[in-house]
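Colleague: First the structure, which I've put down as structure tokens, then a few questions once you've had a look.
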Amino acid sequence: MGSFIEEIRAIVGPAGLITSPIEIAPYATDWRKRYLGKAAAVVRPASTAEVAEVVRVCAGSRTVIVPQGGNTGLCGAATPDASGTQIVLNLSRMNRIREVDARNSTMTAEAGCVLANLQRAAEEAGRFFPLSLAAEGSCEIGGNLSTNAGGTAVLRYGNARELALGLEVVLPSGEVWEGLRGLRKDNTGYDLKQLFIGAEGTLGVITAAVLKLFPLPKSHATAVVALQSPEKAVVLLERVLEACGERLTGFELLSDSCLSLVLKHFRDTAAPFPRRFPHYVLMELSDTQSGGGVRALAESVLEASLEEKSVLDAAVAQNETQAQAFWKLREFISEAQAHEGPNTRALPISFRRRTRNSHALMRARAW
Ligand SMILES: Cc1cc2nc3c(=O)[nH]c(=O)nc-3n(C[C@H](O)[C@H](O)[C@H](O)COP(=O)(O)OP(=O)(O)OC[C@H]3O[C@@H](n4cnc5c(N)ncnc54)[C@H](O)[C@@H]3O)c2cc1C
């Protein structure tokens, strides 16, 4: 292992290598502290060329690589196993936005760019990058693409898969697959980038991506709706889609037990209604036109639903502070669950079943 580490150090330099067990520990533990691993080293390359060299050396010595972005995943897939022989390949130093092309509505960003920084850069260029999730201050675009993250605007803009036009990937051989294209009407051959999106790093390391940008919304309306059951939420969804079409950007179902956890662990949150209900929907409409049009639309749809008694209560945010307070009820759920404690005993990763199905199941339960 000694000469392997020296080879890696020669590629990434001292700033790109962590070998002390105490410093490795946070990278070898998942966000909810349910999965505890060990690693021979954490390698933090600063360029695509360095990633390629590191992967080549690992392929030569058959060292297992665990790619990692912001380490906010909730399935343990960015955590090394307990053997201490794997390396964590952390992409966070690759955090350069290579280009924002406002005319083409695209942005080319390195894998380690934090999602919130990309949203900000798009906004500064008068554009909108719609991927949004509660972990956006820490998760990174390479991780978002590798998990095919959904987030809260998935109904309108799709998963991360739909937001990528091109990718740059280091293959398991150490070769660089150059697919950084910004063309929308691209009908040439196989769409190979889709293989790497949602692959959780199993087929290669994403080092950069061309992302789609959209017109910046100028107005929005946020509402919380109380319901008897998830079935009633589906009825509401149909009605809102019919009335609002593409203006519907968020539609999130919350159970009362999730709300209870948030209220318990975050003192600055408040229940949206004086009494409690079994389920709630957090709904967001947005429009590229400014003015109160979307709020009036939300109010009229919800009034109709209240009249026909398909919803039990509804509140439309009257200002930005109220809208943010409503969103906190959704965004704090994962953190509230983390504060509540693991719902399975923390185990070394080698004791867990790491099948795609078990990951998918855990995700489905998480939201
Ligand atoms: C509070 C909170 C809220 C969340 N909300 C949502 C949500 O609404 N929707 C949702 O989908 N997820 C959500 N998540 C889960 C998580 O944030 C996402 O899965 C996110 O996309 C992971 O990004 P990351 O950079 O943290 O990736 P990591 O956790 O570091 O890695 C995730 C996976 O991607 C692989 N990987 C990372 N970077 C690369 C790369 N460059 N190349 C190849 N493989 C790579 C890792 O090996 C691992 O398999 C939430 C998590 C938290 C903590």
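Colleague: Quick one: count up the residues across the stretch 262-279 that are among the aliphatic types (A, V, I, L, M), farther than 24 Å from Ser310 by Cβ and surrounded by fewer than 20 Cβ atoms within 10 Å (Cβ to Cβ).
Modeller: Number satisfying all stated conditions: 2.
Colleague: Being assigned by TED's automatic domain parsing to the domain that holds Ser105, surrounded by fewer than 17 Cβ atoms within 10 Å (Cβ to Cβ) and not in a loop (DSSP other than H, G, I, E, B), is that true of even one residue in the stretch 193-213?
Modeller: Yes, the conditions are met somewhere in the stretch 193-213.
Colleague: OK, next. Restricting the first residue to the stretch 57-77 and requiring it to be within 16 Å of Gly198 (Cα to Cα), which pairs with a second residue that is of a type in the set (Phe, Trp, Tyr) meet a Cβ separation below 8 Å and a spacing of at least six or different chains?
Modeller: Correct list of pairs: Gln68/Tyr27; Asn71/Tyr27; Asn71/Trp31; Thr72/Trp31; Gly73/Trp31; Leu74/Trp31; Gly76/Tyr35.
Colleague: Every residue in the stretch 113-148 that is part of a loop (DSSP other than H, G, I, E, B) and either more than 28 Å from Ala59 (Cα to Cα) or away from the ligand (no atom under 12 Å from the Cβ) (or both), please. Give the steps one after another, and end with the answer.
Modeller: Filtering the stretch 113-148 down to residues part of a loop (DSSP other than H, G, I, E, B) leaves 113, 125-126, 129-139, 147-148.
Scanning the stretch 113-148 gives Ala125, Gly126, Phe129, Pro130, Leu131, Ser132, Leu133, Ala134, Ala135, Glu136, Gly137, Ser138.
Colleague: Follow-up. If you check Lys328 against the conditions, is it of a type in the set (Lys, Arg) and outside any loop (DSSP other than H, G, I, E, B)?
Modeller: yes
Colleague: Among the listed residues Ser83, Ser105, Ser47, which satisfies the condition of being in contact with a Lys or Arg (Cβ under 9 Å, 6 or more places away or on another chain) and within 15 Å of the ligand (Cβ to nearest atom)?
Modeller: On the way: Ser83 fails: within 15 Å of the ligand (Cβ to nearest atom); Ser105 fails: within 15 Å of the ligand (Cβ to nearest atom).
Being in contact with a Lys or Arg (Cβ under 9 Å, 6 or more places away or on another chain) and within 15 Å of the ligand (Cβ to nearest atom) holds for just one of Ser83, Ser105, Ser47, which is Ser47.
Colleague: Which residue, of Ala28, Ala59, Ala15, Ala10, is out of contact with any helix residue (DSSP H, G or I) (no Cβ under 8 Å at 6 or more places or on another chain) and open to solvent by less than 20 Å² (accessible area, probe 1.4 Å)?
Modeller: Ala28
Colleague: In addition: State all residues of the stretch 119-128 that are closer than 16 Å to Arg96 by Cβ and in contact with a Leu (Cβ under 7 Å, 6 or more places away or on another chain); if no residue qualifies, say none.
Modeller: Ala122
Colleague: A follow-up question, please. Only one of (1) assigned to a strand (DSSP E or B); (2) over 18 Å from the mean Cα position of the chain (by Cα) fails for Ala109. Which number is that?
Modeller: Status for Ala109: all satisfied but (2).
Colleague: Something else: Taking the options Leu302, Leu282, name whichever one is open to solvent by less than 30 Å² (accessible area, probe 1.4 Å), under 19 Å from Ala271 (Cβ atoms), in the same structural domain as Leu236 (by TED's automatic domain parsing) and touching a Lys or Arg at 6+ places or on another chain (Cβ under 7 Å).
Modeller: None of the others qualify; the one that does is Leu282.
Colleague: From Glu168, Glu162, grab the single residue that is assigned to a helix (DSSP H, G or I), closer than 23 Å to Gly204 by Cβ and more than 9 Å from the ligand (Cβ to nearest atom).
Modeller: After applying the criteria, what remains is Glu162.
Colleague: Another question, then. For the stretch 168-200, enumerate the residues that are aromatic (Phe, Trp, Tyr) and within 26 Å of Ala59 (Cα to Cα).
Modeller: Trp177, Phe196
Colleague: Which numbered condition trips up Leu74, out of (1) within 12 Å of the ligand (Cβ to nearest atom); (2) more than 17 Å from Pro26 (Cα to Cα); (3) of a type in the set (A, V, I, L, M, F, W, C)?
Modeller: Leu74 satisfies every listed condition except (2).
Colleague: Could you say whether any residue in the stretch 214-226 is assigned to a loop (DSSP other than H, G, I, E, B) and surrounded by 13 or more Cβ atoms within 10 Å (Cβ to Cβ)?
Modeller: yes
Colleague: Do we have Leu183 as open to solvent by 40 Å² or more (accessible area, probe 1.4 Å) and either closer than 28 Å to Ala52 by Cβ or among the polar types (S, T, N, Q) (or both) here?
Modeller: So Leu183 fits the description; yes.
Colleague: Continuing with this model, one more query. Has the stretch 316-334 got any residue that is crowded, with 17+ Cβ neighbours inside 10 Å, over 24 Å from the mean Cα position of the chain (by Cα) and in contact (Cβ under 8 Å) with a residue 60 or more places away in the chain?
Modeller: Yes - at least one qualifying residue is present in the stretch 316-334.
Colleague: Residues in the stretch 101-137 that are of a type in the set (D, E, K, R), surrounded by fewer than 19 Cβ atoms within 10 Å (Cβ to Cβ) and closer than 23 Å to Lys185 by Cα: how many? Break it down stepwise before answering.
Modeller: Filtering the stretch 101-137 for residues of a type in the set (D, E, K, R) gives 101, 103, 110, 120, 123-124, 127, 136.
Filter once more, keeping what is surrounded by fewer than 19 Cβ atoms within 10 Å (Cβ to Cβ): 101, 103, 120, 123-124.
Pick out the ones that are also closer than 23 Å to Lys185 by Cα and you get 101, 103.
Within the stretch 101-137, residues that are of a type in the set (D, E, K, R), surrounded by fewer than 19 Cβ atoms within 10 Å (Cβ to Cβ) and closer than 23 Å to Lys185 by Cα number 2.
Colleague: Could you check the stretch 20-58 and list, in sequence order, the residues that are out of contact with any strand residue (DSSP E or B) (no Cβ under 9 Å at 6 or more places or on another chain) and of a type in the set (A, V, I, L, M)?
Modeller: Within the stretch 20-58, Ile22, Ala46, Val57 meet the criteria.
The values are calculated or read from the model by the stated rules, or taken from the named source; none is laboratory data. In this text the structure is predicted, and so the values were computed from the model without any measurement. Here the Cβ is made from the backbone with ideal geometry for all residues, glycine too, and neighbour counts use every protein chain on show. Only protein heavy atoms, including side chains, enter the accessible area calculation; ligands, DNA and RNA are left aside. Shrake-Rupley method; radii C 1.70, N 1.55, O 1.52, S 1.80 Å.
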